[in-house]
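Presented below is the structure to which this report refers.
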Amino acid sequence: MGLFNFIKNAGKKLGLVDDEGTTPPDVEAVKKELESHGLGTDKVQVALDGDKVVLKGDVADQSIFEKAVVAVGNTLGVSKVEASELKVADTAAKEPVFYTVKKGDNLWKIAEAHYGAGKGAKHTLIFEANKPMLTHPDKIYPGQVLRIPELDA
């Protein structure tokens, strides 16, 4: 679990970044964005290397790891998130599943694509897995990266 790609010119605008996302946000704006979600990332350090965000430190579980990556990656001007030095206390960490939203997508379609035909009603799991970054199930946009949780057996 190391390097994750994002669309540089899609995402939340932080600070004085230009609208095309050609200039990455400053490190303080990225730290503030991560902290604003209240994920329990107080032991996470944030650094910038060009348009790549580097996360280091410790998180309590896999969902916080994934949410931290998504929270900073879905920022205008960020094209990559390096999280190889972001450690999960739960040693049973798995490779996360992320999905980049395409034009015409909605959470129902995404759920059916990942979980199988007839499982669109599981879209609520995807919405819940992406809170607090998502505030409404209909407010997703092309280029946004979402975490896709596993279905419980």
Exactly one of GLU82, GLU66, GLU33 is surrounded by 14 or more Cβ atoms within 10 Å (Cβ to Cβ), assigned by TED's automatic domain parsing to the domain that holds LYS13, of a type outside the set (A, V, I, L, M) and assigned to a strand (DSSP E or B), and that residue is GLU82
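Among the residues of region 43-54, is any at positive phi and of a type outside the set (Asp, Glu)?
Yes; the residues of region 43-54 include at least one that is at positive phi and of a type outside the set (Asp, Glu).
Each row is one residue, and each column tells you yes or no for (1) under 14 Å from the mean Cα position of the chain (by Cα); (2) aromatic (Phe, Trp, Tyr).
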site: VAL30; (1), (2): yes, no
site: GLU33; (1), (2): yes, no
site: ASP42; (1), (2): no, no
site: VAL46; (1), (2): no, no
site: VAL59; (1), (2): no, no
site: PHE65; (1), (2): yes, yes
site: VAL72; (1), (2): yes, no
site: VAL78; (1), (2): yes, no
Can you pull out the residues in region 80-93 that are closer than 13 Å to PHE6 by Cβ and either more than 10 Å from the chain's Cα centre (by Cα) or without any contact (Cβ under 8 Å) to a residue 12 or more places away in the chain (or both)? LYS80, GLU82, ALA83
Of the listed residues (ILE126, ILE140, ILE64), the one being closer than 25 Å to ASN9 by Cα, touching a Gly at 6+ places or on another chain (Cβ under 9 Å) and either free of Cβ contacts under 8 Å to residues at least 40 places away in the same chain or among the aromatic types (Phe, Trp, Tyr) (or both) is ILE64
Within region 107-137, of all residues that are within 17 Å of the chain's Cα centre (by Cα) and not in a helix (DSSP H, G or I), the one surrounded by the most Cβ atoms within 10 Å (Cβ to Cβ) is ASN130
Restricting region 141-153 to residues that are in contact with a helix residue (DSSP H, G or I) (Cβ under 7 Å, 6 or more places away or on another chain) and aliphatic (A, V, I, L, M), the one surrounded by the fewest Cβ atoms within 10 Å (Cβ to Cβ) turns out to be LEU151
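The values are calculated or read from the model by the stated rules, or taken from the named source; none is laboratory data. Small disclaimer: the values here were computed from a predicted structure and weren't measured. Note: ideal-geometry Cβ built from the backbone for every residue, glycine included; neighbour counts use all protein chains shown.
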